[in-house]
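What follows is a short report on a single structure.
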Amino acid sequence: QVQLVESGGGLVQAGASLRLSCAASGNTFVINTMGWYRQAPGKQRELVVAISKSGRTNYADSVKGRFTISRDNAKNTVTLQMNSLKPEDTAVYYCNSNSYVGTDYWGQGTQVTVSS
């Protein structure tokens with residue numbers, strides 16, 4: 001099993017920045033990709049960005065140029081720097097890790113609210 005603990009999030013005004021962090025523990029050797037998803041009220045959970053163990057990234061078009069993911073494989077952590085936040089970025093953000101056999105693990109979620 002892998003446990004994911006998120007930190008960060010909060011309420012900010014449009015144009016501000018926030019940073020989310022996620023730390024993995026447990027059987028971290030099974031982790032391949034890590035990343036962030038988000039779910040807004042009434043919408044499906046969607047990928048924000050994922051990063052492989054080698055550092056390859058996959059960003060959603062809506063966040064390209066504004067969000068940056070980084071990963072520390074030695075510490076099993078992933079950080080999401082969110083700049084130029086927009087009201088449409090408001091959602092619950094979930095840390096995700098995917099194992100080499102395709103198992104998904106999820107954090108508890110952290111609320112990000114961007115006011116206009």
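Go through Lys53, Lys43, Lys75 for me and flag whichever is modelled with pLDDT under 95, assigned to a loop (DSSP other than H, G, I, E, B) and charged (D, E, K, R).
Lys53
Which of the residues that make up the stretch 18-40 are outside any strand (DSSP E or B) and either modelled with pLDDT of 95 or more or open to solvent by 50 Å² or more (accessible area, probe 1.4 Å) (or both)?
Listed by number, the residues that qualify are Asn27, Phe29, Ala40.
What do you reckon, is Val114 open to solvent by less than 60 Å² (accessible area, probe 1.4 Å), in contact with a Pro (Cβ under 7 Å, 6 or more places away or on another chain) and at pLDDT 95 or above?
Details: open to solvent by less than 60 Å² (accessible area, probe 1.4 Å): yes; in contact with a Pro (Cβ under 7 Å, 6 or more places away or on another chain): yes; at pLDDT 95 or above: yes.
Yes.
For the subset of the stretch 1-17 comprising residues that are polar (S, T, N, Q) and open to solvent by less than 70 Å² (accessible area, probe 1.4 Å), which member is modelled with the highest pLDDT?
Going through the qualifying residues, I end up with Ser17.
For the stretch 58-87, enumerate the residues that are in contact (Cβ under 8 Å) with a residue 60 or more places away in the chain and over 23 Å from Val5 (Cα atoms). Give the derivation first.
Pass one, the stretch 58-87, residues in contact (Cβ under 8 Å) with a residue 60 or more places away in the chain: 79-87.
Result: Ser84, Lys86, Pro87.
Looking at the stretch 89-103, can you tell me whether even one residue there is at pLDDT 95 or above and open to solvent by 60 Å² or more (accessible area, probe 1.4 Å)?
no
Can you find even one residue in the stretch 52-63 that is open to solvent by less than 20 Å² (accessible area, probe 1.4 Å) and touching a helix residue (DSSP H, G or I) at 6+ places or on another chain (Cβ under 7 Å)?
No, the stretch 52-63 contains no residue that is open to solvent by less than 20 Å² (accessible area, probe 1.4 Å) and touching a helix residue (DSSP H, G or I) at 6+ places or on another chain (Cβ under 7 Å).
So, Val48, is that one in contact with a Gly (Cβ under 6 Å, 6 or more places away or on another chain) and outside any loop (DSSP other than H, G, I, E, B) or not?
no
The values are calculated or read from the model by the stated rules, or taken from the named source; none is laboratory data. Bear in mind the structure is a predicted one, so any value in this text is a computation, not a measurement. So basically every Cβ, Gly included, is an ideal-geometry build from the backbone, and we count neighbours across all protein chains shown. What goes into the accessible areas is simple: the full protein's heavy atoms, side chains included, and nothing from ligands, DNA or RNA. Shrake-Rupley method; radii C 1.70, N 1.55, O 1.52, S 1.80 Å.
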